[in-house]
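Asker: Handing you a structure now.
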Amino acid sequence: GAVVSQHPSRVICKSGTSVKIECRSLDFQATTMFWYRQFPKQSLMLMATSNEGSKATYEQGVEKDKFLINHASLTLSTLTVTSAHPEDSSFYICSASGEPAELFGPGTRLTVT
Amino acid sequence: GQNIDQPTEMTATEGAIVQINCTYQTSGFNGLFWYQQHAGEAPTFLSYNVLDGLEEKGRFSSFLSRSKGYSYLLLKELQMKDSASYLCAVHSGGSYIPTFGRGTSLIVHP
């Protein structure tokens, strides 16, 4: 069946470095993927919509130069957190449109020290 | 704007029934989703309502009243593994992207 995978599942990095998170659709093509961020005991907050072959659409308040999104193929979208700071520590989740509901990846726990 | 409201936390006993409510105020309505999320994991889809009424799926049922902007998720024969956060999400306007509520943390105790 259709599955969305994410890699890595956990990452710890030092402040100032960049981290790339991959989101892949397995056994199906996803022209649109979504990136969410979730802080502890908070809801999912949509960061951006990733469109294959075009620029991502960012939600208000999300810095596009800090959170770089690349959707180069129909099965892969990447989110790069540039110059990470401790406040970027969060749970990052991607999803792809499904029927009837979105299919979520397993999430990536980012800790910036 | 859009507003989705659900209780922050609920507790229930193993084997019992629990109802988690969700109220919403949105511009237009295209459907309401319920997801289950265990700590540190991604949400998993539970149910989808687009018309008024009750949708039943095994131990889980979801109800929708569009005129009242109200939904509930009913969990029967609670099991310890049902301890999780339950997220209500609404598609509204012309968007196919859901807006999520804060989630209800359900604690099931023996």
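The values are calculated or read from the model by the stated rules, or taken from the named source; none is laboratory data. A quick note: this is a predicted structure, and the numbers were derived from the prediction, not measured. With ideal geometry, Cβ positions are generated from the backbone for all residues, glycine too; neighbour counts draw on all protein chains shown. These accessible areas exclude ligands, DNA and RNA; they are computed on the full protein's heavy atoms, side chains included. Shrake-Rupley method; radii C 1.70, N 1.55, O 1.52, S 1.80 Å.
Asker: Just checking, which of A:Lys41, A:Lys64 is modelled with pLDDT of 90 or more and either in contact with a Gly (Cβ under 9 Å, 6 or more places away or on another chain) or open to solvent by 50 Å² or more (accessible area, probe 1.4 Å) (or both)? Give the steps one after another, and end with the answer.
Answerer: Numbers: A:Lys41 fails: modelled with pLDDT of 90 or more.
Step by step, each of A:Lys41, A:Lys64 is checked, and only A:Lys64 is modelled with pLDDT of 90 or more and either in contact with a Gly (Cβ under 9 Å, 6 or more places away or on another chain) or open to solvent by 50 Å² or more (accessible area, probe 1.4 Å) (or both).
Asker: Follow-up. Considering region A:70-113 alone, what residues qualify as being part of a loop (DSSP other than H, G, I, E, B) and within 13 Å of chain B (Cβ to nearest Cβ)?
Answerer: A:Ser97, A:Gly98, A:Glu99, A:Pro100, A:Ala101, A:Glu102, A:Gly105, A:Pro106, A:Gly107
Asker: Of all residues in region B:86-100 being within 11 Å of chain A (Cβ to nearest Cβ) and surrounded by fewer than 20 Cβ atoms within 10 Å (Cβ to Cβ), which is modelled with the lowest pLDDT? So that I can check it myself, show each step before the final result.
Answerer: Initially, region B:86-100 is screened for residues within 11 Å of chain A (Cβ to nearest Cβ), giving B:87-89, B:91, B:95-100.
Subsequent filtering for residues that are surrounded by fewer than 20 Cβ atoms within 10 Å (Cβ to Cβ) retains B:95-97.
On the way: B:Ser95: 65, B:Tyr96: 68, B:Ile97: 75.
Here the residue is B:Ser95.
Asker: Go through region A:55-69 and give me each residue that's closer than 21 Å to A:Val4 by Cβ and in contact (Cβ under 8 Å) with a residue 12 or more places away in the chain.
Answerer: Kept after step one, since they are closer than 21 Å to A:Val4 by Cβ, are these residues of region A:55-69: A:56-59, A:62, A:67-69.
If the condition is that a residue be closer than 21 Å to A:Val4 by Cβ and in contact (Cβ under 8 Å) with a residue 12 or more places away in the chain, then A:Ala56, A:Glu59, A:Val62, A:Phe67, A:Leu68, A:Ile69 are the ones that fit.
Asker: Given the criteria open to solvent by 50 Å² or more (accessible area, probe 1.4 Å) and out of contact with any helix residue (DSSP H, G or I) (no Cβ under 8 Å at 6 or more places or on another chain), does B:Tyr70 qualify? Explain how you work it out, then say what you get.
Answerer: Working: open to solvent by 50 Å² or more (accessible area, probe 1.4 Å): yes; out of contact with any helix residue (DSSP H, G or I) (no Cβ under 8 Å at 6 or more places or on another chain): yes.
In short, yes.
Asker: Also, I was wondering about something else. hydroxyl-bearing (Ser, Thr, Tyr), open to solvent by 50 Å² or more (accessible area, probe 1.4 Å) and in contact (Cβ under 8 Å) with a residue 60 or more places away in the chain: which single residue out of A:Ser25, A:Ser95, A:Ser18 fits that description?
Answerer: Answer to the check: A:Ser18.
Asker: Also, quick follow-up: For B:Leu106, indicate whether it is farther than 27 Å from A:Asn51 by Cα, among the hydrophobic types (A, V, I, L, M, F, W, C) and in contact with a helix residue (DSSP H, G or I) (Cβ under 9 Å, 6 or more places away or on another chain).
Answerer: In short, yes.
Asker: For region B:39-54, indicate whether the set of residues that are closer than 28 Å to A:Ser89 by Cα, among the charged types (D, E, K, R) and open to solvent by 20 Å² or more (accessible area, probe 1.4 Å) is non-empty.
Answerer: Looking for residues that are closer than 28 Å to A:Ser89 by Cα, among the charged types (D, E, K, R) and open to solvent by 20 Å² or more (accessible area, probe 1.4 Å), one finds at least one in region B:39-54, hence yes.
Asker: Given (1) at pLDDT 95 or above; (2) over 22 Å from A:Val4 (Cβ atoms), identify the lone condition not met by B:Gln36.
Answerer: (2)
Asker: Further question on the same structure: Output yes when any residue across region A:9-32 is part of a strand (DSSP E or B) and closer than 23 Å to B:Leu32 by Cα, and no when none is.
Answerer: Looking for residues that are part of a strand (DSSP E or B) and closer than 23 Å to B:Leu32 by Cα, one finds at least one in region A:9-32, hence yes.
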